[in-house]
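Below you'll find the structure, written out as structure tokens, and then a few comments.
The values are calculated or read from the model by the stated rules, or taken from the named source; none is laboratory data. As the structure is a prediction and not an experimental result, all values here were calculated from the model. All Cβ positions, even for glycine, are placed from backbone atoms using ideal geometry, and neighbour counts span all protein chains on display.
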Amino acid sequence: MNKRDFIKKMSLATLASPLYGSVLTSCMEEVAKVPIKDLASNDDFWLKVREDYKLVPDYINLESGYYNIIPTPTLNAMIDHAKMVNYQGSHYMRSVQWDNKKRMAQKLAEVIGCNSKNVIITRNTTESLDMVIKGFPWKPNDEAVFAKQDYGAMQVMFEQVSKRYGVVNKIVSVPNHPKSDEEIIDLYASAITPKTKLLMVCHMINITGHILPIKKICDMAHNKGVQVMVDGAHCIGHFEFRLEDLGCDYYGSSLHKWLAVPLGTGMLYVKDEHIDTLWPIFAEHDRKPGDISRLNHTGTHPVYHDLSIENAIDYYNMLGGARKEARLRYLQEYWTSQVRDNPNIAVNTPKESHKACGIANVGIKTMTPANLAKQLMSDYNIFTVAIDYANVQGCRITPNVFTTTEELDVFVNALNEMVG
């Protein structure tokens with residue numbers, strides 16, 4: 001066995017123990033035949049899932065949207081990967097680093113439903129989508145379309161290319177409660193002109209949890225000759241979909257959110273015909289046409305986080321994507337259904353099940369979002385985040401698979417007490 005094969009064998013041995021004694025391994029067979037809808041409301045099962053997490057006991061965490069706390073099996077795997085890379089040192093980095101990164105991209109592609117030749121592992125959604133915005137072949141007076149509700153970092157990058165290349169930005173505002181998909185499609189269509197080159201749209205709006213009809217938007221834009229870039233920061237590992245079914249040109253996501261990979265992991269999907277037209281953020285040596293790795297030169301970085309992608313996916317697959325989606329939607333509808341009819345409370349997230357999943361946004365009409373978040377923490381030990389822009393005034397509520405209905409009861413009671 002040569003040295004390269006020996007190093008690769010050692011690396012794969014570390015990768016081959018993904019679940020590290022998860023408490024779920026003993027009970028998944030029991031629930032395999034339980035209908036997903038029934039399991040979603042089975043608190044006993046989800047209390048078992050909770051055992052795989054180490055949680056701060058001092059407050060109820062309803063802010064999983066920024067960063068999903070990763071389960072202990074994935075955390076232990078990441079620590080082992082860090083030890084392995086440190087043990088092998090430069091030999092690992094110079095021999096099998098890129099082979100393993102491609103393996104991670106392959107496994108990720110299987111989860112999201114696309115070909116791995118169109119996927120690169122990045123550090124987060126901002127890096128992924130800014131790479132597209134900055135690297136797009138802009139010409140003076142080209143136009144871009146996006147929404148006020150889109151993530152700030154990408155809006156700032158559009159402002160930068162506007163100043164640098166003379167791009168004209170057209171900004172729309174997505175209603176919190178649209179009457180139909182056609183209302184959303186027409187909104188974006190109305191901003192498109194013959195000069196429009198790129199449309200950015202959220203798969204799930206991060207401040208409200210609103211899931212947009214991406215396939216219909218992509219079809220509309222393509223019929224007008226416009227490329228579509230989708231911000232899927234909150235989608236992978238949150239609800240099930242096949243990326244290639246969406247029909248978009250670019251898709252970026254943060255894997256450290258709902259897929260529960262360690263911090264500093266993201267992904268970018270680029271359709272075949274655009275791989276060679278984007279300018280990479282960091283210059284790369286010449287590659288063969290169609291080789292997406294030309295966009296993936298970011299220098300030396302903590303590769304053990306990349307290796308943990310496989311462990312997070314194994315945990316996700318063991319739990320089951322459909323089971324996780326059903327539970328997250330159940331938790332959101334569990335609490336929102338109890339406050340939607342209160343005239344003093346505003347739920348800024350659509351009621352229809354297919355238009356939302358685990359994320360929702362709620363406000364009290366007599367309080368600022370900042371004061372609402374502050375009082376929830378000070379008086380009720382509930383941690384969340386205030387949102388006060390882009391026609392959304394409230395707190396974003398993001399439970400996770402470790403969240404209990406008892407904790408959500410505390411939250412609902414807090415809202416009712418605060419409105420008096």
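The set of residues in region 340-366 being hydrophobic (A, V, I, L, M, F, W, C), over 23 Å from residue 237 (Cα atoms) and surrounded by 19 or more Cβ atoms within 10 Å (Cβ to Cβ) consists of 345, 347, 362, 364. Taken over region 184-217, the criterion of being in a loop (DSSP other than H, G, I, E, B) and either polar (S, T, N, Q) or in the same structural domain as residue 352 (by TED's automatic domain parsing) (or both) is satisfied by 190, 193, 206, 208.
Answer yes or no: is there a residue in region 392-403 that is at pLDDT 95 or above and surrounded by fewer than 17 Cβ atoms within 10 Å (Cβ to Cβ). Break it down into steps so the answer makes sense when it comes.
Let us first name the residues in region 392-403 that are at pLDDT 95 or above, namely 392-403.
Adding the requirement that they be surrounded by fewer than 17 Cβ atoms within 10 Å (Cβ to Cβ) leaves none.
No, region 392-403 contains no residue that is at pLDDT 95 or above and surrounded by fewer than 17 Cβ atoms within 10 Å (Cβ to Cβ).
Conditions tested, residue by residue: (1) more than 24 Å from residue 111 (Cβ to Cβ); (2) surrounded by fewer than 24 Cβ atoms within 10 Å (Cβ to Cβ).
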| position | (1), (2) |
| --- | --- |
| 198 | yes, yes |
| 208 | yes, no |
| 212 | no, yes |
| 220 | yes, yes |
| 244 | no, yes |
| 249 | no, yes |
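Selection of region 369-388 for residues being farther than 12 Å from residue 418 by Cβ and either hydrophobic (A, V, I, L, M, F, W, C) or touching a residue at least 24 places away in the same chain (Cβ under 8 Å) (or both) yields 369, 370, 377, 381, 383, 384, 385, 386, 387.
Considering only region 20-37, state which residues are within 27 Å of residue 209 (Cβ to Cβ) and outside any loop (DSSP other than H, G, I, E, B). It would help to see each step written out before you state the result.
Applying the first criterion (within 27 Å of residue 209 (Cβ to Cβ)) to region 20-37 yields 24, 31, 34-37.
Those that are within 27 Å of residue 209 (Cβ to Cβ) and outside any loop (DSSP other than H, G, I, E, B): 24, 31, 36, 37.
In the set (1) assigned by TED's automatic domain parsing to the domain that holds residue 127; (2) in contact with a strand residue (DSSP E or B) (Cβ under 9 Å, 6 or more places away or on another chain), the condition left unmet by residue 299 is number (2). Considering only region 68-87, state which residues are surrounded by fewer than 16 Cβ atoms within 10 Å (Cβ to Cβ) and not aliphatic (A, V, I, L, M). The answer is 83, 86, 87. Can you pull out every residue in region 321-339 that is assigned to a loop (DSSP other than H, G, I, E, B) and crowded, with 18+ Cβ neighbours inside 10 Å? Of everything in region 321-339, just one residue is assigned to a loop (DSSP other than H, G, I, E, B) and crowded, with 18+ Cβ neighbours inside 10 Å, namely 339. Number of residues in region 117-167 that are in contact (Cβ under 8 Å) with a residue 60 or more places away in the chain, of a type in the set (Lys, Arg), more than 28 Å from residue 103 (Cα to Cα) and in contact with a helix residue (DSSP H, G or I) (Cβ under 8 Å, 6 or more places away or on another chain) equals 0.
Being touching a Leu at 6+ places or on another chain (Cβ under 8 Å) and more than 16 Å from residue 211 (Cα to Cα) is the filter here, so list the residues in region 343-377 that pass it. It would help to see each step written out before you state the result.
Narrowing region 343-377 to residues touching a Leu at 6+ places or on another chain (Cβ under 8 Å): 345, 357-358, 362-364.
345, 362, 363, 364, listed by residue number.
Among the residues of region 251-271, the ones that are more than 11 Å from the chain's Cα centre (by Cα) and part of a strand (DSSP E or B) come to 3 in all.
Mind counting the residues in region 38-72 that are part of a helix (DSSP H, G or I) and touching a residue at least 40 places away in the same chain (Cβ under 8 Å)?
8
Report yes if some residue within region 271-294 is crowded, with 24+ Cβ neighbours inside 10 Å and farther than 30 Å from residue 72 by Cα; otherwise report no.
no
Going through region 96-118 one residue at a time, which ones are closer than 16 Å to residue 248 by Cα and either not small (Gly, Ala, Ser) or not in a helix (DSSP H, G or I) (or both)?
Listed by number, the residues that qualify are 112, 113, 114, 115, 117, 118.
The criterion of being part of a helix (DSSP H, G or I), out of contact with any strand residue (DSSP E or B) (no Cβ under 6 Å at 6 or more places or on another chain) and more than 17 Å from residue 53 (Cα to Cα) holds for residue 293. Across region 218-250, what is the total count of residues that are in a loop (DSSP other than H, G, I, E, B), under 20 Å from residue 170 (Cα atoms) and touching a residue at least 60 places away in the same chain (Cβ under 8 Å)? Final tally of qualifying residues: 1.
Yes or no, residue by residue, for (1) under 21 Å from residue 212 (Cα atoms); (2) surrounded by 15 or more Cβ atoms within 10 Å (Cβ to Cβ); (3) of a type outside the set (Asp, Glu):
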| residue | (1), (2), (3) |
| --- | --- |
| 105 | no, yes, yes |
| 127 | no, yes, no |
| 165 | no, yes, yes |
| 170 | yes, yes, yes |
| 176 | yes, yes, yes |
| 186 | yes, no, no |
